[in-house]
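Step one of this worksheet: look at the structure below.
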Amino acid sequence: MKHVWREINFLMRQRASVWAIALLAGLAALSVGLGLQEVARQKAAMSEVIALQKKDTAAIKVFATDAGDAAYYRFHPTWDPPSALAFAALGQRDIAPSTLRIRALALEGQIYENEAQNPELALPGRFDFAFVLIYLAPLVLVVLFYDLWSGEREAGRLSSLQAVPKAWVRIWLPRVAARFGLVSSVLVVVFWGGALISGAGIGDTIAFTALILALLGFWTLIATWVAKGAGSSPTNAAVLATIWFVITLIAPAGSNLVINAATPIPDGAAIMRENREAVHDAWDIDRDATLQRFYKLYPEYATSPPMQRPFEWKWYYAFQHLGDQQVEPLSTAYRAGIVEREARAGLVALALPPIAIQRALYRIAGTDMSAQWDYQDRIRAYHTQLRTYYYPFLFSAKPFTSADFDAAPAYAPR
């Protein structure tokens, strides 16, 4: 251990190394601070939506005295609370809405009109801890390692150092360990500080830390392998920078282009548009035909009395649901395409350890694509609860009271 401390003291006398480590520490601390701030902003937005919705609901209750009005005017908030480690790896929370108010109307249009932005425009992602770890920390390791052997060779000291008994144990391994240990310590300490503030569980925090060390270990092996070669210091730096560029930028971006081209998916905006058109067209379709199609899905309401007026709420909500049924194949294809893309990206990640580690970070933080699908699944399940709650009042002439307004299902977040 004394050899490692000796090398740390030597390293701290090198201005470039000190600046690189200090810069990494500053950027890591900044990323954690911004991540915690973003998570706090999302939580505040959710609380605000819930509070405002309570006021809105109270106002609607005054005039929505029947089930049709209540289901039409009343919005029901849904939200996806960030996990305790979301601050470190925002993942899909950067591009997907974490709060959505829905009504008991056609759901597909409500979901896809709330896609906040084009994911392809957000590929660089937010400046979070995962960004610092995946993209910036390897560059600091490049700065610390590129001249580990070549610098001694160019200074004329390499032969003497190689002649020292057990040189690998007494000199080279301590130098490698010192550089790996300093970078690891900086990132782990900053990350654990954020984890303590956010109240993260010890198990997830340790798993996240293991991934940090795994990524830094991977780049340490690469840097040591290149630095030990016969190349000059500028050559080593160029080689390491090229490897970083290919592994972290070119290969992932190129594979994404190939995967997207090989796995076409419907456009979310097109699903929303077709859903809206299906609902609008229903006004011109025979009402009895519409109700009969609905009764095939819900035979328990087939004995509902025939329509007596030009407009009745039961017909309206019947064709709202049929609008969702019409675009269900498109919606299913969209999701299947995304799942297929994710599966293929996972296979590519097996050949790119940093990308595989990045995906694992998002998984632990609960911010990957599967977490987003889980939120959508909960929205769909909740929407079904809302519809089936209102249907007895609409199709069976069940009286709708103020107590029934208050008894509508409430959303249960993760």
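The values are calculated or read from the model by the stated rules, or taken from the named source; none is laboratory data. In this text the structure is predicted, and so the values were computed from the model without any measurement. Heads up, the Cβs are rebuilt from the backbone with ideal geometry, glycines too, and the neighbour counts pull from every protein chain shown.
In region 332-348, how many residues are touching a Pro at 6+ places or on another chain (Cβ under 8 Å) and among the hydroxyl-bearing types (S, T, Y)? Full working, then the answer.
If we filter region 332-348 for residues that are touching a Pro at 6+ places or on another chain (Cβ under 8 Å), which is where we start, we get 333-334, 337, 348.
Pick out the ones that are also among the hydroxyl-bearing types (S, T, Y) and you get 334.
Looking only at that region, the number is 1.
Exactly one residue among V39, V18 is assigned to a helix (DSSP H, G or I) and free of Cβ contacts under 8 Å to residues at least 12 places away in the same chain, and that residue is V18.
Under the condition of being of a type in the set (V, I, T) and surrounded by 14 or more Cβ atoms within 10 Å (Cβ to Cβ), which residue from region 275-322 is nearest to R103 (Cα to Cα)? Explain how you work it out, then say what you get.
Within region 275-322, the subset of a type in the set (V, I, T) is 279, 285, 290, 303.
Those left that are additionally surrounded by 14 or more Cβ atoms within 10 Å (Cβ to Cβ): 279, 290.
Numbers: V279: 15, T290: 21 Å.
Selected residue: V279.
Annotation: of all residues in region 58-115 being farther than 20 Å from Y317 by Cβ and polar (S, T, N, Q), the one that is nearest to the chain's Cα centre (by Cα) is Q92.
Scoring Y72 on the criteria (1) touching a Leu at 6+ places or on another chain (Cβ under 9 Å); (2) closer than 23 Å to D377 by Cα; (3) at pLDDT below 95 leaves a single failure, condition (3). Here the helices (runs of 4 or more DSSP H) wholly within region 282-368 that include at least 3 residues being over 30 Å from T220 (Cβ atoms) are 287-297, 313-349.
Looking across region 297-347 at every residue that is touching a residue at least 40 places away in the same chain (Cβ under 8 Å) and polar (S, T, N, Q), the one that is farthest from P252 (Cα to Cα) is identified as S304. Looking at region 159-262, the helices (runs of 4 or more DSSP H) lying wholly inside it that each contain 1 or more residues that are of a type in the set (S, T, Y) and loosely packed, with under 14 Cβ neighbours inside 10 Å sit at 173-198, 233-245.
Apart from one condition, P138 fits all of (1) farther than 23 Å from A16 by Cα; (2) crowded, with 16+ Cβ neighbours inside 10 Å; (3) modelled with pLDDT of 95 or more; the exception is (1). Among the residues of region 348-369, those identified as free of Cβ contacts under 8 Å to residues at least 40 places away in the same chain and under 19 Å from the mean Cα position of the chain (by Cα) are A349, A356, R359, R363.
Among the candidates A278, A270, the residue that is in a helix (DSSP H, G or I), in contact (Cβ under 8 Å) with a residue 40 or more places away in the chain and closer than 16 Å to L105 by Cβ is uniquely A278.
The residues of region 73-101 that are touching a residue at least 40 places away in the same chain (Cβ under 8 Å), aromatic (F, W, Y) and under 24 Å from E113 (Cβ atoms) amount to a single one, W79. When T65 is tested against the conditions (1) modelled with pLDDT under 95; (2) crowded, with 22+ Cβ neighbours inside 10 Å, the lone failure is (2). The set of residues from region 383-414 being under 17 Å from T78 (Cβ atoms) and in a loop (DSSP other than H, G, I, E, B) comprises A408, P409, A410, Y411, A412, P413, R414.
Yes/no matrix, rows are residues, columns are (1) modelled with pLDDT under 95; (2) farther than 30 Å from Y135 by Cβ; (3) not small (G, A, S):
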site: P306; (1), (2), (3): yes, yes, yes
site: R309; (1), (2), (3): yes, yes, yes
site: F319; (1), (2), (3): no, yes, yes
site: Q326; (1), (2), (3): yes, yes, yes
site: L330; (1), (2), (3): yes, yes, yes
site: A336; (1), (2), (3): yes, yes, no
site: A345; (1), (2), (3): yes, no, no
site: V348; (1), (2), (3): yes, no, yes
